[in-house]
1. Restricting to segment 1-27, give me the number of residues that are assigned to a strand (DSSP E or B), open to solvent by less than 20 Å² (accessible area, probe 1.4 Å) and either touching a helix residue (DSSP H, G or I) at 6+ places or on another chain (Cβ under 8 Å) or not β-branched (V, I, T) (or both).
2. Considering segment 46-61 alone, what residues qualify as being open to solvent by 60 Å² or more (accessible area, probe 1.4 Å) and either within 17 Å of G115 (Cα to Cα) or free of Cβ contacts under 8 Å to residues at least 60 places away in the same chain (or both)?
3. Are any residues in segment 28-38 among the aliphatic types (A, V, I, L, M) and surrounded by 18 or more Cβ atoms within 10 Å (Cβ to Cβ), and if so, which ones?
4. Considering only segment 35-54, state which residues are part of a loop (DSSP other than H, G, I, E, B) and under 23 Å from G21 (Cβ atoms).
5. Mind checking which residues of segment 72-108 are hydroxyl-bearing (S, T, Y), open to solvent by 20 Å² or more (accessible area, probe 1.4 Å) and not in a loop (DSSP other than H, G, I, E, B)?
6. Go through E131, E69 for me and flag whichever is at pLDDT below 95 and either farther than 16 Å from V16 by Cβ or part of a helix (DSSP H, G or I) (or both).
7. Being of a type in the set (S, T, Y) and in contact (Cβ under 8 Å) with a residue 40 or more places away in the chain is the filter here; which residues of segment 62-113 pass it?
Amino acid sequence: MIVRSFKEIEGTDRHVKSASGTWESKRIVLAREKVGFSVHETILYAGTETDMWYANHIEAVVCTRGDAELTDRETGKSYHITPGTMYLLDGHERHTLKVKEDFHCICVFNPPVTGREDHDENGVYPPPEPEAWGDPQLTEEV
C-alpha cells in the first residue's frame, strides 16, 4: 500500500514545472509504482494557452477548480470546462486548453508517465518506457 499527499511531493522530482511556464504538475503515482497508470494534480495558469497532443498516451482529466476552454484541434469543436467536468482524450486528439482562471485538475495517464515529461514542440510526451513500469507485453522480445 502506498499513501502520500500532494503536499509532501512539492519541491521533489515528482513536482514538474513546464519549460513553457504555462503549467505545473505534481505526479503522485508514476510508472515506477508499476500499477499501469499515473495520476497527477496539474495547474494550468490563467491567461495561458497550451497546445497538447498525447500521441503516446490516453488521458482523463477532471477539473476541480478554475475555468478553461478546451478546443479539439481536429474538429474545431470547443468545450467550456469548469469544476466537476471530465474530458477523456481516448482518440489521441490534438487539443488546446485556453485558461481563463487558474485551472486545477486531476489527470490519469495510460500508459503511465515516468515523471519528468514535458511537452515537445508538437505538444507530445515521449513514448512510454516499458522497462520503467514492467509491462511484460511491452518488454518481450519480438
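The values are calculated or read from the model by the stated rules, or taken from the named source; none is laboratory data. Here the structure is a predicted model, which is why all the values come from computation and not from measurement. Here the Cβ is made from the backbone with ideal geometry for all residues, glycine too, and neighbour counts use every protein chain on show. In case anyone asks, the SASA skips ligands and DNA or RNA and just uses the protein heavy atoms, side chains included. Shrake-Rupley method; radii C 1.70, N 1.55, O 1.52, S 1.80 Å.
1. So the count comes out to 3.
2. G47, E49
3. The answer is I28, V29, L30, A31.
4. Correct list: Y45, A46, G47, T48, Y54.
5. S78, Y79, Y87
6. Only one candidate passes the filter, namely E131.
7. T64, T96
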